[in-house]
1. Among the residues of segment 38-74, write down those that are more than 30 Å from Ala2 (Cβ to Cβ) and either in contact with a strand residue (DSSP E or B) (Cβ under 6 Å, 6 or more places away or on another chain) or open to solvent by less than 10 Å² (accessible area, probe 1.4 Å) (or both).
2. Which is outside any loop (DSSP other than H, G, I, E, B), open to solvent by 10 Å² or more (accessible area, probe 1.4 Å) and either touching a Gly at 6+ places or on another chain (Cβ under 7 Å) or not β-branched (Val, Ile, Thr) (or both), of Leu243, Leu325?
3. For Ser282, only one of the following conditions fails: (1) open to solvent by less than 20 Å² (accessible area, probe 1.4 Å); (2) under 30 Å from Ile450 (Cα atoms). What is its number?
4. Looking at segment 482-509 only, could you name the residues that are buried (at least 18 other Cβ atoms within 10 Å of the Cβ) and β-branched (Val, Ile, Thr)?
5. In this structure, does Phe348 turn out to be under 19 Å from the mean Cα position of the chain (by Cα) and either of a type in the set (A, V, I, L, M, F, W, C) or more than 30 Å from Val206 (Cα to Cα) (or both)?
6. Looking at segment 100-141 only, could you name the residues that are assigned to a helix (DSSP H, G or I) and at pLDDT below 85?
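The values are calculated or read from the model by the stated rules, or taken from the named source; none is laboratory data. Since this is a predicted model, take the numbers as computed values, not measurements. Positions of Cβ are generated from backbone atoms using ideal geometry, with glycine treated the same way; all protein chains shown enter the neighbour counts. Surface accessibility is based on the protein's heavy atoms, side chains included, excluding ligands, DNA and RNA. Shrake-Rupley method; radii C 1.70, N 1.55, O 1.52, S 1.80 Å.
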Amino acid sequence: MAREHWGTRIGLILAMAGNAVGLGNFLRFPTQAAQNGGGVFMIPYMISIVVIAIPLMWTEWAIGRYGGVKGHGTTPAIFKLLWKHPIAKYVGVLGLFVPFVVACYYVYIESWTLGYAVMSIGGMLPTEAAASAAPGTAQYLKPFQDLLATYTGMGNGNIYQPSIMAYLFFLVTVALNVWILIKGISGGIEKLAKLAMPSLFLMALVLMVRVLTLETPQGSAVEGLNFLWTPDWSQLSNPKVWLAAAGQVFFTLSLGFGAIITYASYLGKNDDLVLSGLSAASLNELAEVVLGGSIAIPAAAAFFGVMAAQQIAASGAFNLAFVSLPAIFANIPMGSLFGFLWFTLLFFAGLTSSVAITQPVIAFLEDEFRLKRPHAVIATMTFLFGIAHVPIFLGKALDEMDFWAGTFFVVIFALIEVIIFFWIFESKRAWEEINRGAIVKAPTIFFPIIKYVTPLFLIVILGWWTFDVLPGYLKNGSWTAWVTRELLVGIGFFLCFLVFLSDRRRRSK
């Protein structure tokens, strides 16, 4: 059974950019910048792009293309090609585990944005209560906080009770993901990228222009921009700022999630990846730095003042997206339309990412078990649909899943990628693979960066999280955390079992 390929180069670039452009571009980036010294955050951010993002991006593109030429699009089989050791395929299970677990809760959050978009255009968001209170006060935001709590059912209890509307939009979102994925690489994902990415940038541009013209007695959007981009130089020597910047760069390009490897496996043997990778990364950075940094925080600063905007950013991305921004749009002319654009923007960003992180397991079933695509999609999405009910109904399960699959193991997996490709597979062969068919060759300086500097940075990040962040999660002894961790272990063992079966199947032929 012949493997699929991308239909056009622009489709590939947009799909890769869509994989990277997600909710974090418009929510996590401004939050991280606001919490870590404002403009000074950009110095380690840019350095991290050079020593982490670009090297890992080229590494993942090259690994994926190398495996795809040999008929494999996921890391269990590709790692076995690169590293002739029995354990290699099981190490590669992380390339299935990480994206699948993240997809299980990401699709649910994605469905919130669709629900809020419909409520915005339908005039179902609070208006009068917010208008009756002074901006910047708890009372001003309370109707929107209550709505989010009611909509998601998330509270302090161990069992959540989401609204019927939230569950219905979750079903719609899952169905839409299934429909796109069944259409295939060029017929589904590529077509989505060609529609969603230009639409996303257009909506973001419209919102940015509107936000930057906001001005109230509490402040102006320009003051928010000044706050976000004025360096607090005293923070430059703070190691947490550097680690936060490195982490943001890491996540913004979806590195270590396995999706780039799978997407790149649909390239031809001599298709360019150096320039294509840089093009996709540049689109992502445009969305994050220029557009993402010019909407949420500046809008909050205009309505609540700079100090309050900083507190809102520190309270988390959910409050920024689903509480403060709706409150702002509810009290400006044509607010329903701008609220609709905001949440549709987030939905498109989420959708292009969710189909990407679901694709690795689908590709694994297609490549290793020879399932037809519709069957592989249905099997994957049925499993995902069942697991997704854990973060929907179980208290704090989403946080646990996000830390282990979306944070901790991502860095471990990225470190393993670099070691296998540049140390075990051999650095000269890896460098030749990166530059094969390149329209413009990768600068030679990146050879020692990828081999030495990138792994060192990843080890530092991993070490910091292990000693500074990990203990806090391990101290959470609640039964919901225990159940979630046991579930994650079960998913890991199940994926290892599938890899074992696929290996037995190959040997029996």
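1. Of the residues in segment 38-74, the ones more than 30 Å from Ala2 (Cβ to Cβ) are 38-55.
If the condition is that a residue be more than 30 Å from Ala2 (Cβ to Cβ) and either in contact with a strand residue (DSSP E or B) (Cβ under 6 Å, 6 or more places away or on another chain) or open to solvent by less than 10 Å² (accessible area, probe 1.4 Å) (or both), then Gly38, Gly39, Val40, Phe41, Pro44, Tyr45, Ser48, Ile52, Ala53, Pro55 are the ones that fit.
2. On the way: Leu325 fails: open to solvent by 10 Å² or more (accessible area, probe 1.4 Å).
Of Leu243, Leu325, the one residue that is outside any loop (DSSP other than H, G, I, E, B), open to solvent by 10 Å² or more (accessible area, probe 1.4 Å) and either touching a Gly at 6+ places or on another chain (Cβ under 7 Å) or not β-branched (Val, Ile, Thr) (or both) is Leu243.
3. (1)
4. Selection gives Thr484, Ile491, Val499.
5. On the way: under 19 Å from the mean Cα position of the chain (by Cα): yes; either of a type in the set (A, V, I, L, M, F, W, C) or more than 30 Å from Val206 (Cα to Cα) (or both): yes.
So Phe348 passes the test.
6. Looking only at segment 100-141, we keep the residues that are assigned to a helix (DSSP H, G or I), and these are 100-121, 128-131, 138-141.
Matches in segment 100-141: Glu128, Ala129, Ala130, Ala131, Ala138, Gln139, Tyr140, Leu141.
To keep it simple, each residue is scored yes or no on (1) surrounded by 23 or more Cβ atoms within 10 Å (Cβ to Cβ); (2) of a type outside the set (A, V, I, L, M, F, W, C).
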residue: Pro86; (1), (2): no, yes
residue: Val101; (1), (2): yes, no
residue: Ile121; (1), (2): no, no
residue: Thr150; (1), (2): no, yes
residue: Phe169; (1), (2): yes, no
residue: Leu181; (1), (2): yes, no
residue: Ile189; (1), (2): yes, no
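Here is a yes/no grid of residues against (1) under 24 Å from Gly64 (Cβ atoms); (2) in contact with a strand residue (DSSP E or B) (Cβ under 9 Å, 6 or more places away or on another chain); (3) crowded, with 18+ Cβ neighbours inside 10 Å:
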position	(1), (2), (3)
Val390	no, no, yes
Ala397	no, no, yes
Ile416	yes, no, yes
Ile419	yes, no, no
Gly437	yes, no, no
Thr454	yes, no, yes
Gly463	no, no, no
Asp468	no, no, no
